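Note sheet for the following structure.
The values are calculated or read from the model by the stated rules, or taken from the named source; none is laboratory data. Source: prediction; values computed, not measured. All Cβ positions, even for glycine, are placed from backbone atoms using ideal geometry, and neighbour counts span all protein chains on display.
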There are 2 protein chains.
Amino acid sequence: MPNVTFPEHLQGGPTVGEIGEFEVIRVITEQASSALNGDDAAVLRHASPNSRAVATTDMLVEGRHFQLDWSTPEEIGQKAIVQNFADIEAMGARPIAALLALSAPTHTPVEFVRGLARGIGQRVEEYSAELVGGDITSGTSLVLSVTALGSLGGSLPELTLNRARPGQVVVAHGRIGYSAAGLALLQRFGRAGVPAELTPLVEAHCAPRLNPGRGMIARAAGATAMTDNSDGLIVDLSQLARKSGVRIDIDSDTIAPDDLLSAAGETLGRDPWEWILSGGEDHTLLSTTFGEPPSGFRAIGHVTKPRLDDPVTVDKKTPAYASGWQSF
Amino acid sequence: MPNVTFPEHLQGGPTVGEIGEFEVIRVITEQASSALNGDDAAVLRHASPNSRAVATTDMLVEGRHFQLDWSTPEEIGQKAIVQNFADIEAMGARPIAALLALSAPTHTPVEFVRGLARGIGQRVEEYSAELVGGDITSGTSLVLSVTALGSLGGSLPELTLNRARPGQVVVAHGRIGYSAAGLALLQRFGRAGVPAELTPLVEAHCAPRLNPGRGMIARAAGATAMTDNSDGLIVDLSQLARKSGVRIDIDSDTIAPDDLLSAAGETLGRDPWEWILSGGEDHTLLSTTFGEPPSGFRAIGHVTKPRLDDPVTVDKKTPAYASGWQSF
């Protein structure tokens, strides 16, 4: 009995084991083509001659980071790109390229790989980036590893975790808590059973979005520190606060549940603040800056001097939920 | 019953599930430390201001690319780095950084991860490169994905697959056939049972080596095309010949089995030419150049005009073995 079960509508056509490595590569590069692909390694063109390369990697394991009965192949590809590109944006850099390593069982439908590559192609295209290389291999489980490469131009420093300063405003671009609410809905109802009015939450989980260029905009506008809420709002801001040697206080009004999160909370009998404070994977950019929030960002709190206890507070109190994603 | 079985001598201590994500990361970065690691993404320092970034990725799956009863954790880490850095060298670039994504079952001994990271640290150190980032996650199988990044300085073009020209000499740096012979020995005898005099072949398989800088040396000396024998000598040279629109003829004397390969052939009752012509994973650099071979390289054949049949011949005849590695 195979370890990985593909939904029925993807089955019936050829499998990757039947068409073989070179055809699988052709299917992928058809959906996400790049003139830089096809040699031993890809040589990147930088837009500006003095730009520095920025690199990050994330691995997605079927059954752990996505489920084949919840997400379409396109959504899995989209999510893999966005969560990696968010880490490039969070340095204030521009994502320019991605590499895909894929381990898939031989019975994997070619249609799955085509959809996955289509989702990747769509998102890299949105960023004016390219899928420049990769590797495919057979394996018992379905594992994607995406590496994102970015370009950091100009003389301003990158946006690191350790450059938040007392007196700055904490700003955010993107929604907070949607992805965790979507996951909770999927766990209860499955994809097909989620009430129609709550589908935006499910979509935020299965295929998160992040507008290209927000990291660069914040950097140009004077932001100094940045991260994204991959693991959870409090967890990620705590890491930033600790590395910067500061305290962050969040104003609860600015992140309070909207109608959709409140409705999901009522439907599931759960407190939506848990999703907001401890849910990750929204890939919302979190930054610190003096003065006005950069375009597209909103103020959610303040940076103050460090205290001995909590690195991050909400309305100056210990947050009600503070855990986050655990890899093991 | 777990999918992945670790050798007994690695067991007994704590597992990654027991110590958790942050401790696992600490274990890895202790063995392969870098000041560039620890933020959302790594910003690379280039030695020269006008260098371009070069990127490649390879995935290694337990049971397929390595076996825990044949290779030590250190060797697995070493191999993962060398096979990726070989692809950077094959562009004529200098490897400067690696990223590691690792999916491991929760019962994985911490000692395994420590050894793996030590092997990675050893090899990146040899190249004056750094492990600048990564991702770890639990999963049912043991999967490593390494991305290598290089720096290509100066004004000479990179060494691509499509720039071999008739009249050039084909040159090689490194051994050919050793890795495949080592694999055949492991399949027959297991690691402990391999006759002592043949252990260099097994080591070539489990922990291939490639001297840093040979790709840059060849590029500086005027080489134009380059690859490495990842998949098999004939397969890899055929790809280079096809992309360049040329034919390559190898002189059999220059690649003939040495005493060790002959002894392994006799021991196993196999023809060592199969390992030489169709075995991959030596990560021997294969290049084309006008005039004398670059330092460290030896001539193994010639580039001629294309023919309609074989892209690569040996002594002007169809090679006896021409297959190579198949991913599915």
| field | When residues of region A:58-96 are limited to those that are among the β-branched types (Val, Ile, Thr) and more than 10 Å from every other protein chain (Cβ to nearest Cβ), the one nearest to A:ASN229 (Cα to Cα) | value | A:VAL82
| Positions within region B:172-206 being under 20 Å from B:TRP325 (Cβ atoms) and in a loop (DSSP other than H, G, I, E, B), in sequence order | B:GLY174, B:ARG175, B:ILE176, B:GLY177
| message | Considering only residues that are away from chain A (no Cβ under 14 Å) and in a loop (DSSP other than H, G, I, E, B), which ones fall in region B:307-328? | response | B:ARG307, B:LEU308, B:ASP309, B:ASP310, B:PRO311, B:ASP315, B:LYS316, B:THR318, B:PRO319, B:ALA320, B:TYR321, B:ALA322
| task | Using the structure shown, decide if B:VAL124 is under 26 Å from B:ARG219 (Cα atoms) and either facing chain A (nearest Cβ under 10 Å) or not charged (D, E, K, R) (or both). | result | yes
| task | State yes or no: is A:GLU130 within 18 Å of the chain's Cα centre (by Cα) and not small (Gly, Ala, Ser)? | result | yes
| message | Being away from chain A (no Cβ under 14 Å), of a type in the set (Asp, Glu) and either crowded, with 16+ Cβ neighbours inside 10 Å or touching a residue at least 40 places away in the same chain (Cβ under 8 Å) (or both): is that true of B:GLU158 here? | response | no
| Being at pLDDT 95 or above and farther than 27 Å from A:SER230 by Cα, is that true of even one residue in region B:14-22? | yes
| Options A:SER327, A:SER287; residue that is in contact (Cβ under 8 Å) with a residue 40 or more places away in the chain and among the polar types (S, T, N, Q) | A:SER287
| Somewhere in region A:156-163, is a residue assigned to a strand (DSSP E or B) and touching a His at 6+ places or on another chain (Cβ under 9 Å)? | no
| message | Being in contact (Cβ under 8 Å) with a residue 24 or more places away in the chain, of a type in the set (Ser, Thr, Tyr) and surrounded by fewer than 17 Cβ atoms within 10 Å (Cβ to Cβ) is the filter here; which residues of region B:307-324 pass it? | response | B:SER323
| task | Quick one: B:GLY174 ticks every box in (1) away from chain A (no Cβ under 14 Å); (2) more than 20 Å from B:ASN211 (Cα to Cα); (3) among the small types (Gly, Ala, Ser) except a single one, so which number is it? | result | (2)
| note | Of (1) at pLDDT 95 or above; (2) within 11 Å of chain B (Cβ to nearest Cβ), A:ALA32 fails just (2)
| Could you list, in sequence order, the residues of region B:135-155 that are in a strand (DSSP E or B) and more than 22 Å from the chain's Cα centre (by Cα)? | B:ILE136, B:THR137, B:SER138
| request: List the helices (runs of 4 or more DSSP H) that sit entirely inside region B:207-277 and contain at least 2 residues that are within 14 Å of another protein chain (Cβ to nearest Cβ). | output: B:214-220, B:233-244
| message | Among (1) more than 19 Å from B:ALA148 (Cα to Cα); (2) out of contact with any Lys or Arg (no Cβ under 6 Å at 6 or more places or on another chain), there is one condition B:TRP70 misses while meeting the rest; what is its number? | response | (2)
| note | In the set B:VAL113, B:VAL132, the lone residue that is assigned to a helix (DSSP H, G or I) and at pLDDT 95 or above is B:VAL113
| request: Scan (1) of a type in the set (S, T, N, Q); (2) at the interface with chain B (Cβ under 8 Å from one of its Cβ atoms); (3) touching a strand residue (DSSP E or B) at 6+ places or on another chain (Cβ under 8 Å) for the single condition A:ASN37 breaks and write down its number. | output: (2)
| query | So which pairs qualify, if the first residue must be in region A:88-110 and at pLDDT below 95, the second must be surrounded by 24 or more Cβ atoms within 10 Å (Cβ to Cβ) and among the polar types (S, T, N, Q), the Cβ gap must be under 6 Å, and the two must be at least 6 apart or on different chains? | reply | none
| remark: The residue from B:SER230, B:SER262, B:SER278 that alone is in the same structural domain as B:ALA207 (by TED's automatic domain parsing), out of contact with any strand residue (DSSP E or B) (no Cβ under 7 Å at 6 or more places or on another chain), surrounded by fewer than 24 Cβ atoms within 10 Å (Cβ to Cβ) and over 30 Å from A:ARG26 (Cβ atoms) is B:SER262
| remark: The correct count of residues that are buried (at least 23 other Cβ atoms within 10 Å of the Cβ) and either modelled with pLDDT under 95 or in a loop (DSSP other than H, G, I, E, B) (or both) in region A:281-306 is 5
| request: Collect the residues in region B:5-34 that are assigned to a helix (DSSP H, G or I) and in contact with a strand residue (DSSP E or B) (Cβ under 8 Å, 6 or more places away or on another chain), keeping them in residue-number order. | output: B:LEU10, B:VAL16, B:GLY17, B:GLU21, B:VAL24, B:ILE25, B:ILE28, B:THR29
| Does region A:55-64 contain any residue that is in contact with a Lys or Arg (Cβ under 8 Å, 6 or more places away or on another chain) and in a loop (DSSP other than H, G, I, E, B)? | no
| Candidates A:ARG118, A:ARG123, A:ARG64, A:ARG114, filtered to the one that is of a type in the set (D, E, K, R) and over 26 Å from A:GLY13 (Cβ atoms) | A:ARG64
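Yes/no per residue for (1) closer than 19 Å to B:GLN122 by Cβ; (2) surrounded by fewer than 24 Cβ atoms within 10 Å (Cβ to Cβ); (3) in contact with a Gly (Cβ under 8 Å, 6 or more places away or on another chain):
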{"residue": "B:ASN37", "(1), (2), (3)": "yes, yes, yes"}
{"residue": "B:ASN50", "(1), (2), (3)": "no, yes, yes"}
{"residue": "B:ALA98", "(1), (2), (3)": "yes, no, no"}
{"residue": "B:ALA104", "(1), (2), (3)": "no, no, yes"}
{"residue": "B:PRO109", "(1), (2), (3)": "no, yes, yes"}
